Amino acid sequence: MTLVDPGTPTTATGVPEVASAPEEIGEARPLRADVWRRFKRNRLAMVGLGFLIFLGLVAIFAPLIAPYSITERASGQFRQPPSADHWFGTDAIGRDMFSRIVYGARVSLRIGFAATAISVIIGLLFGALAGFFSGVTDTVITRVIDVFLAIPYIVLAVAIASVFGRSENAIIIVLGVTGWLAIARIVRASFLSLRRLEYVEAATALGFSRTRIMFRHILPNALQPIIVIGTITVGYVILAEAALSFLGVGPQEPTPAWGLMVAAGKGSLTNAPHLLFFPAGAIVLTVLAFVFVGDGLRDALDPKLK
Amino acid sequence: MTSYIIRRLLLIVPTVFLALSFLFFLFFTLPGDPARLIAGGANRTIESGVIERASERYGLNDPLLVQFKDYWSRTITWDLGESFLTRRSVNDILGEKAVASIRLAIWAIIIEIVVGIPVGLLSAIRRYSISDRLTTIVTAAASAIPVFVLGFVLQWLFAVQPNKLGWPEWAKLRTQGIGPDSWALFFIPTGDQWRYLILPAITLASVSTALAARMMRGSMLEVQRADYMRTARAKGLRERDVIVKHGLRNAMLPVVTLIGIDFGTVIGAAVLTETTFSWPGLGSEIANSVTQRDLPVVLGLTLVVVLAFALINLLVDVSYAWFDPRIRLGKGEH
């Protein structure tokens, strides 16, 4: 799993010697190929990636895969267990669960990626500002982050959700504007260490503007942790959407959001557990896939860490 | 050390002030009229004059800044007001809910310590073994399952199934409410109480236990590579002593921090677990009050949650310095 043999002693600072394994020495390879080669070795990450590709295809071709529409009701067939007609059974008003879960992939991926994009943009901006300009800017931004971290996340999300309403776009905004704190902290930490390096000094000496130094010089070098946390965040956004649905401030019917289906299924636990287990399974597998891919990316992008 | 603690305590004040002020103003931008709610609900037809009287009574007609000033001058003297909905004093609600929350939190943390640390430790010692791989997958899964889904699965396994299969009465666990509410020494369940406690405690502990196990594993793997571990082995100590006395002590530090912070978090943020099991704690009370716009309850309970979180974090940082003498608090900060 790692390039460095686990038993190999590292130097006192924890940084292993460069090119410790013989296979590392050889002709130069582009970084991307190198990362992919390391990523491929991580079996869980590859399984996760495979599942995400599968999920993406399901979302794209949902109309071709789903045998029914998301609102179509089979008359008289309420809470039917899985059968040949309805692979995942039917829900409380006779809609086909399989079709709704297939279409739900679209909703979850859309919410997951869009909200993460918002979080990454806000977190990147504030984290970069705080890390690059230390002093007052840093203090103010760090304080703001501390204040928001002090408020219980769900309280914040529920309160903001009651402002923005419950449309799918509103949920994206709620999850986006509440999810940037951790990202900002990570970005701040990398900017803080990177801005002291020589190439930043060189760029400053060349008279480049601070914006250019921040985003053209430092940012590309700070991207790795952002990619990793971004990937994992997509998974956690999908979890948070489920939590909001459960508390009654998530997306509304008839949106086929998985979290909403789980929340609706909780009442039929005794008689029709499949209403809970199928959408819950979809959430768990998707979140796991994002986490595994994120972990795999971390190891592949930064072999020093292992 | 003392000056560090005082400085940290002083820093808590603006954080709490800003957090509560933010919530205060956020609530005045929410759609809907709190006076209407006080007068008896959002959709009912209300006698004329009732809304006006309610607004008058709670000062809701004053300019926002005046209300804001009033709120803080009352809060500083710990006058948290009364619920808009039930007219109960917020201090009463607080007393009742906080106790239930703290009891549940204590048990979740006990599970986190008793399960998380040994599992992570074993996983690190037997790296790449089957049990290590299994741990990796199970801990990842535990943090990927929505908390309430885990709660429902547990309810189904230990409450629904036993009923269907006719298990003996003592083996059936309870899934709703706090039960007889009988405790010894504040947190030890007596009589039937454990049957109500066990499922919510496991559910609440799941995510943090998984995190603690992962962190313990990572931390122990790092420590395994340290020079003093090699020295300890080289001088012929038993492997058990090497692991426990030299390894575990050092590897525990970040895990202790995590568990401390978790304790601060689970007191106020157990919303999903509490809602799933109808456990009458702070988190679900806050969430309910937010959706019902019961402003005094939201602000009063959040104040306590935020204070508890900040104080516990401070305690964790201080104890960290005590555990690890290399850390000098308040000196040489960047």
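Derivation of every value follows stated rules applied to the coordinates shown; laboratory data play no part. These numbers were taken from a predicted model, which means no experiment stands behind them. For neighbour counting, all protein chains shown are included, and Cβ atoms are generated from backbone atoms with ideal geometry for every residue, glycine included.
Find the centroid of the Cα atoms in the range B:264-278 and in the range A:134-154, then give the distance between the two in whole Å.
24
Jot down the radius of gyration and Dmax of the protein assembly as shown, Cα atoms only, both in angstrom.
26.4, 87
Could you give the alpha-carbon Rg of the range B:48-139 over 2.2 N^0.38 Å, rounded to two decimals?
Values: Rg = 25.1 Å, N = 92, 2.2 N^0.38 = 12.3 Å.
Cα Rg divided by the expected 2.2 N^0.38 Å: 2.04.
How far, in degrees from 0 to 90, does helix B:2-29 lean away from the longest principal axis of the Cα atoms of chain B, to the nearest 10?
So the helix axis and the longest Cα principal axis differ by about 40 degrees.
In cubic angstrom, how much convex hull volume per residue do the alpha carbon atoms of the range A:88-197 span?
Dividing the Cα hull volume of the range A:88-197 by its residue count gives 125 Å³.
Whole angstrom only: what separates the Cα centroid of the range A:220-280 from the Cα centroid of the range B:166-223?
Each part reduced to its Cα centre gives a spacing of 24 Å.
For chain A, just list the percent of Cα-Cα distances falling in each 10 Å bin from zero outward, please.
Binned Cα distances yield the sequence 6, 22, 27, 23, 14, 7, 2, 0.
Between B:Arg326 and B:Phe28, how many nm apart are label points set 7 Å from Cα along the C-beta direction?
Inter-label distance under the simple model: 5.1 nm.
Arrange B:Glu96, B:Glu169, A:Glu253 by Cβ neighbour counts within 10 Å, fewest through most, would you?
Going from least to most buried by this count: B:Glu169, A:Glu253, B:Glu96.
Do you know the relative contact order of chain A, to the nearest whole percent, from alpha carbon pairs under 8 angstrom that are 6+ apart?
Averaging sequence separation for qualifying contacts and normalising by length gives 23 percent for chain A.
Using helices alone, what [θ] at 222 nm do you get for chain A, with -39,500 (n - 2.57) per DSSP H run of 4 or more residues, divided over all residues and rounded to the nearest 500?
-21000 deg cm²/dmol
Order of B:Ile188, A:Ile151, A:Ile213, A:Ile122 from fewest to most other C-beta atoms within 10 Å?
B:Ile188, A:Ile122, A:Ile213, A:Ile151
Could you pull the Rg and Dmax for the range A:38-92, using just the Cα atoms, both in Å?
For the range A:38-92, the Cα-based Rg and Dmax read 16.5, 54 Å.
P(r) for chain B, please, calculated from all Cα pair distances in 20 Å bins and given in %.
Reading the bins upward from 0: 25, 49, 24, 3, 0.
Determine, at each q value in 0.23 (inverse angstroms), the log₁₀ of I(q)/I(0) that the Debye formula gives when each Cα of the range B:197-237 is one equal point scatterer.
-0.74
So how tilted is helix B:64-76 from the main axis of chain B? Cα-based, degrees 0 to 90, rounded to 10.
60
Just tell me which aspartates and glutamates come within less than 15 Å, Cα to Cα, of B:Lys245; anything on the same chain fewer than 8 places away is out.
Within the straight-line limit of under 15 Å, B:Lys245 reaches these aspartates and glutamates: B:Asp227, B:Asp324.
Based on the Kirkwood radius over alpha-carbon pairs, what is the Stokes-Einstein translational diffusion coefficient of the range A:211-306 at 37 °C with 0.692 mPa s viscosity, in µm²/s?
Working: Rh = 15.5 Å.
Answer from the Stokes-Einstein relation: 212 µm²/s.
With point charges of +1 on the Cβ of Lys and Arg and -1 on the Cβ of Asp and Glu, referenced to the Cα centre of chain A, which listed residue (A:Ala243, A:His86, A:Leu297) lies farthest in the positive direction of the dipole?
Positive-end residue among those listed: A:Ala243.
Evaluate the distance, in nm, between pseudo-label points positioned 7 Å from the Cα of A:Ser167 and of B:Arg74 along their respective Cα→Cβ axes.
Distance between label points: 3.6 nm.
Any idea what the dipole of chain A comes to, in debye rounded to 20, about its Cα centre with Lys/Arg Cβ at +1 and Asp/Glu Cβ at -1?
Values: 26 positive and 20 negative charges, 65 e Å.
Once rounded to the nearest 20, the dipole reads 320 debye.
Kindly identify the range B:193-334 as rounded, prolate or oblate by the Cα gyration tensor criterion: order the square roots of the eigenvalues as a ≥ b ≥ c, call it rounded if a/c is under 1.5, otherwise compare a/b with b/c, prolate if a/b is larger, else oblate.
It comes out oblate by the Cα gyration axes.
Taking each residue of A:143-150 in turn, how many C-beta atoms of other protein chains fall within 10 Å of its C-beta, and what is the average?
Mean number of neighbouring Cβ atoms from other chains: 6.
Out of B:Thr231, B:Leu199, B:His246, whose Cα points farthest toward the positive end of the dipole of the range B:169-249 (charges: +1 Lys, Arg; -1 Asp, Glu; placed on Cβ)?
About the Cα centre, the residue reaching furthest to the positive side is B:Thr231.
I need to check one value: relative contact order of chain B, counting alpha carbon pairs closer than 8 Å and at least 6 residues apart, in percent.
Computed over chain B, the figure is 25 percent.
What does the convex hull of the alpha-carbon atoms of the range B:111-194 project to on average, in nm²?
For the Cα atoms of the range B:111-194, the hull's average projected area reads 7.7 nm².
Would you mind checking the tilt of helix A:43-60 against the longest principal axis of the Cα atoms of chain A, expressed as 0 to 90 degrees and rounded to 10?
Result, in degrees: 50.
What's the average, rounded to a whole number, of partner chain beta-carbon atoms within 10 Å of each residue's beta-carbon in B:137-145?
Numbers: counts 3, 0, 0, 7, 5, 0, 6, 14, 8.
Other-chain Cβ atoms within 10 Å of each residue's Cβ, averaged: 5.
Averaged over A:273-286, how many beta carbons belonging to a partner chain fall within 10 Å of each residue's beta carbon?
For peptide A:273-286, the averaged partner shielding equals 3.
Debye calculation, C-alpha points only, no solvent: report log10 I(q)/I(0) for the range B:133-282 at q = 0.09, 0.14, 0.15, 0.18 Å⁻¹, in the same order as the q values.
-0.42, -0.83, -0.89, -1.07
Would you work out the charge dipole size for chain B about its Cα centre, treating the Cβ of every Lys and Arg as +1 and the Cβ of every Asp and Glu as -1, and quote it to the nearest 20 debye?
Numbers: 33 positive and 26 negative charges, 313 e Å.
Around 1500 debye, computed over chain B.
Return the ratio Rg/(2.2 N^0.38 Å) for the range B:75-217, where Rg is computed over Cα atoms only.
So the Cα radius of gyration is 1.31 times the expected 2.2 N^0.38 Å.
Could you compute the net charge surrounding B:Trp156? Neighbours are other residues with a C-beta less than 11 Å from the C-beta of B:Trp156; K and R count +1, D and E count -1. All intermediate terms of the calculation are to be shown ahead of the outcome.
Values: positive: A:Lys266, B:Lys164; negative: none.
Residues near B:Trp156 contribute +2 overall.
Test of understanding: in a Gaussian network model of chain B with alpha carbons linked when under 10 Å, which of B:Asp227, B:Asp317, B:Asp294 would top the mean-square fluctuation ranking?
B:Asp227
Using DSSP to call loops (not H, G, I, E or B), can you name the trypsin sites (Lys or Arg not before Pro) in the range B:194-244 whose Cβ has at most 10 other Cβ atoms within 10 angstrom?
For trypsin sites (Lys or Arg not before Pro) across the range B:194-244 that sit outside H, G, I, E and B with at most 10 neighbouring Cβ atoms in 10 Å, the list reads B:Lys235.
What is the P(r) of the range A:58-140, as percent of Cα-Cα pairs per 10 Å bin from 0?
Whole-percent P(r) values from 0 Å outward: 17, 28, 17, 12, 12, 11, 2.
Quick one: length gained pulling A:Phe208 to A:Thr142 fully straight, 0.36 nm per residue minus the C-alpha distance?
21.1 nm is the gain from fully extending A:Phe208 to A:Thr142.
What pairs from A:Lys266/B:Lys97; B:Lys97/B:Lys164; A:Lys266/B:Lys172; B:Lys69/B:Lys97 go past 31 Å between their alpha carbons?
Those over the limit are B:Lys97/B:Lys164.
Could you line up A:Trp87, A:Trp180 from fewest to most neighbouring Cβ atoms inside 10 Å? All intermediate terms of the calculation are to be shown ahead of the outcome.
On the way: A:Trp87 15, A:Trp180 25.
So the ranking, lowest neighbour count to highest, is A:Trp87, A:Trp180.
Report the Rg/Rh value for the range A:196-250, based on alpha-carbon coordinates and the Kirkwood definition of Rh.
In the range A:196-250, Rg relative to Rh is 1.35.
How many percent of the alpha carbon pairs in the range B:144-185 exceed a separation of 16 Å? Don't skip to the answer; put the middle values down first.
On the way: 415 of 861 pairs.
So the portion of pairs separated by more than 16 Å is 48 percent.
Once you have the alpha carbon radius of gyration of the range B:92-135, what is it after dividing by 2.2 N^0.38 Å, with N set to its residue count?
Dividing the Cα Rg of the range B:92-135 by 2.2 N^0.38 Å gives 1.81.
Could you tell me the relative contact order of the range A:148-306? Use alpha-carbon pairs under 8 Å, at least six residues apart, and round to a whole percent.
22
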